[in-house]
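The values are calculated or read from the model by the stated rules, or taken from the named source; none is laboratory data. Remember, predicted model here, so these are calculated numbers, not experimental data. Neighbour counts are summed over all protein chains in view; Cβ atoms, including those assigned to glycine, are modelled from backbone coordinates with ideal geometry. Remember, those area values only see protein heavy atoms, side chains included, never the ligands or the DNA or RNA. Shrake-Rupley method; radii C 1.70, N 1.55, O 1.52, S 1.80 Å.
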Amino acid sequence: MNLINLLKAEFLKLRHTNYFVIHVGLPLLGGILGASCFLITKYRFTTFLINYFLVIALSYPFACSYACYSIFEQEIKNGCFNLLSVTKRWQVLLVKLCYLLISSLISCFLAICTFTCMVKIMRAKIIINVSYLLGMCLLLWGSNCLAYLVHSFLELKFGHNVSLVCAALEFLLAALLLTDLGNLLWPFFPSSWGGHLVRIYTMAVFNLKVVSFIPIRFALSIIISLTLAMLIFAFCWFNQWEGRKNEG
């Protein structure tokens, strides 16, 4: 099968699950709840917006875990036949990662757009920096690409329970590293990338003094290197994968 047929086949399989509903419904609900909270508080819009982005960043581990569970568990329950029977197995993994990453980008975009549009409708005087919002969307998405690769591996190797436990640990670690404890450590812990990059990017866009104890170029080099290394590992490992040995 070529990539186009695999993409179509994957869409047909996912269409009969709640995968697309979750990726559209939850961001819309999150945006509505976020806008509602802002409208009943007295926070400045910029301050609340940064905190909203931090909430998105902290929620990504659970989103990654559930998305990977949705897209892989159906194959596991069918005995991994579709995953193991094709000659070019890397294409199967590529297709699934494409769906995961594209749906992640769309979900992040919807969460940000829903929030800002509702706030703008309710309070027309608020100025929306569209380029900042688009940049933040790409930043949050890009900083979590590694998480989708890691949770894909965990789902295939160990099952959803292990992936969910790891997501909870990532959430706690990310929250902890948002404190002063993470000023020097955050580039080395992928779950904390999103939260710290939100702060640094916001300071740079609004011409504030960027407070970063780690050179940003060094941090970005670590992020890109680890993501590429995990991508290469995932494809090499998947070509040798023979199915899950345990039921998670």
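For the set ILE71, ILE106, solvent exposure ranked by accessible area (probe 1.4 Å, protein chains only) runs largest to smallest as ILE106, ILE71. Surface calculation, 1.4 Å probe, protein heavy atoms: THR17 sits at approximately 50 Å² accessible. Considering every alpha-carbon pair of region 132-182, the percent of pairs per 10 Å bin, from zero through the bin containing the longest distance, is 23, 39, 32, 6. Note on the chain: lysine pairs with Cα distance below 23 Å, sequence gap of 8 or more or different chains, count 19. Choose one answer from VAL21, VAL95, VAL198: the residue with the largest mean-square fluctuation in a GNM of the chain with alpha-carbon springs under 10 Å. Checking each option, the largest mean-square fluctuation is seen for VAL21.
Here the dipole of the chain is about 580 debye; that uses its Cα centre as origin and unit charges on the Cβ of Lys and Arg (positive) and Asp and Glu (negative).
Both the radius of gyration and Dmax for the chain are 19.1, 59 Å, in that order, over alpha-carbon atoms.
Projected over every direction and averaged, the convex hull enclosing the alpha-carbon atoms of region 133-239 yields 7.2 nm². Can you grab the distance from the C-alpha centre of region 12-78 to the C-alpha centre of region 164-207, Å, no decimals? Distance between centres, Cα-based: 18 Å. Note on the chain: GNM, Cα springs under 10 Å; of GLU155, GLU73, GLU170, the largest mean-square fluctuation is that of GLU73. Once both labels are positioned 7 Å from their Cα atoms along Cα-to-Cβ, the gap between MET203 and LEU29 label points is 3.6 nm.
The charge dipole of region 1-77, taken about the Cα centre with unit charges on the Cβ atoms of Lys, Arg (+1) and Asp, Glu (-1), comes to about 200 debye, rounded to the nearest 20. Ranking SER192, ALA57, GLY30 by Cα position along the charge dipole of the chain, where only Lys, Arg, Asp and Glu carry charges on their C-beta atoms, puts GLY30 farthest toward the positive end. When region 93-248 is described by a simple charge dipole with +1 on each Lys and Arg Cβ and -1 on each Asp and Glu Cβ, the residue from VAL95, MET230, ASN183 located farthest towards its positive end is ASN183. Ignoring everything but the protein chains, give the 1.4 Å probe accessible area of TRP141 in square angstrom, nearest 10. My reading of the accessible area for TRP141 is about 70 Å². One quarter of the surface of the convex hull around the alpha-carbon atoms of region 56-181 equals 9.8 nm², the direction-averaged projected area. Would you calculate the separation in nanometres between label points at ALA175 and LEU3, each defined as 7 Å from the Cα along the Cα-to-beta-carbon direction? The modelled label-to-label distance comes out at 4.0 nm.
For the chain, complete DSSP H runs whose alpha carbons reach 20 Å or more along their own long axis and whose mean Kyte-Doolittle score is 0.5 or higher are 19-39, 45-77, 89-122, 160-177, 216-240. The accessible area of CYS98, taken with all protein chains in place and a 1.4 Å probe, comes to roughly 50 Å².
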